[in-house]
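Undergrad: Here it is, the structure in full.
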Amino acid sequence: MATILELTNNVLPEIGLPKLTSLVGNNNQTALRTLALANREGRALSKLPWRALAKRNVITTASSAEAYALPNDFSYFVDRTFWNDSNDEFMEGPLSDERWQADVSGLLTVTVNDRFQIRADGNENRLHIRPVPTSAENITFFYMSNGWCRSNGGNRQTEWKADTDVFLLDEYVFELGIKWRILQAQRRDFQFEINEYDRERNKAVARDGGMKTHRILGPVEQDFPPSGNIPETGFGS
């Protein structure tokens, strides 16, 4: 993986700017602008469903406790991945405020599945579960992390903190993103660069993690047709 200093120095000469000897902590105007735009580009790309950001979380409930903390690096949930592993049941949610209020204070609702909602509890969002657990159960779900870069020591981060930090997502797309953003900040034409960026970003996200093959003629009973088991030597003997 290339460092943030290497990634930015790949871009700067292409738009007529000199390479930098350092980026983070450098008070040079080019360095300050490049670092700010590199952080903006990292945050923007982290909103997309990259596999490097997908994590599985397990929450163990406690008796009479309705609200539970979300992971420290939580960005957003992966839809329809909530399960109660203790009873092998899918969890319904997130519920709307209207549905939650009716469930708690209005209609008597009897359902098989647990329900959940995300809302403020004190100064942070927390996961709320209905019915309120009466014992220790394992609630699992997938979410996307907000840690799109990492330090040389392996710690995930939400911003560039050192020249040796590395990017966890597609480096080529990141370079294209920095390029058009710098051109835009300098009030130079960037239409070609942003069009190239959009194309490459969409392709990178589409093929990230691989793609399942879909048949235009519909499903078949098996992925591959049967074939004869023919030896490589001694055929016919």
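Undergrad: Which of the listed residues, V78, Q29, G16, is farthest toward the dipole's positive end in region 1-146, when Lys, Arg count +1 and Asp, Glu count -1 at the beta-carbon?
TA: G16
Undergrad: Roughly what would the spin-label model give for R40 and A120, points 7 Å off Cα along C-beta, in nm?
TA: 2.9 nm
Undergrad: Let me ask something else about it. Can you figure out the FRET efficiency of A185 with A2, using R₀ = 22 Å and their beta-carbon distance, to the nearest 0.05?
TA: The value I calculate is 0.45.
Undergrad: For the chain, what does -39500 (n - 2.57) per DSSP helix run (n ≥ 4), summed and divided by total residues, give at 222 nm, in deg cm²/dmol to the nearest 500?
TA: The helix-only estimate for the chain comes to -9000 deg cm²/dmol at 222 nm.
Undergrad: Turning to a different aspect of this structure: Note down the magnitude of the dipole of region 117-167 about its Cα centre, charges +1 on Lys and Arg C-beta and -1 on Asp and Glu C-beta and zero elsewhere, to the nearest 20 debye.
TA: Taking the Cα centre of region 117-167 as origin, the dipole is about 140 debye.
Undergrad: Still on this structure, I have one more. Peptides 144-150, 14-20, 199-205, 124-130: what's the order by average Cβ count within 10 Å, highest mean first?
TA: Packing order, densest peptide first, comes out as 144-150, 124-130, 199-205, 14-20.
Undergrad: What is the log10 of I(q)/I(0) for region 46-99, computed with the Debye formula using one identical point scatterer on each Cα and no solvent, at q = 0.27 Å⁻¹?
TA: For region 46-99 at q = 0.27 Å⁻¹, log10 I(q)/I(0) is -1.38.
Undergrad: Moving on. Ratio to report: Rg/Rh of region 51-145, with Cα atoms as the point set and Rh obtained by the Kirkwood method; give two decimals.
TA: 0.95
Undergrad: Starting from 0.36 nm per residue, how many nanometres of slack lie between N57 and T21 once their C-alpha separation is accounted for?
TA: 8.9 nm
Undergrad: May I have the count of lysine pairs in the chain with C-alpha atoms under 16 Å apart, counting pairs 8 or more residues apart or located on different chains?
TA: Value for the chain: 4.
Undergrad: Calculate, in nm to one decimal, what N202 and F142 gain on full extension: separation in residues at 0.36 nm each, minus their alpha carbon distance.
TA: 19.3 nm
Undergrad: Could you compute the FRET efficiency for D73 and I216, with r as their C-beta to C-beta distance and R0 at 30 Å, rounded to 0.05?
TA: Computed FRET efficiency for D73 and I216: 0.15.
Undergrad: Taking every pair of Cα atoms in the chain, average 1/r, invert it to obtain the Kirkwood radius, and report Rg/Rh to two decimals.
TA: That ratio equals 1.13.
Undergrad: Still on this structure, I have one more. Calculate, for R33 and R156, the FRET efficiency according to 1/(1 + (r/R0)^6) with r their C-beta to C-beta distance and R0 30 Å; round to the nearest 0.05.
TA: That pair, R33 with R156, gives E of 0.75.
Coordinate-derived values only; no laboratory data. For clarity, every value in this text was computed on a predicted model and none was experimentally measured. Positions of Cβ are backbone-derived with ideal geometry, glycine not excepted, and every protein chain shown enters the neighbour counts.
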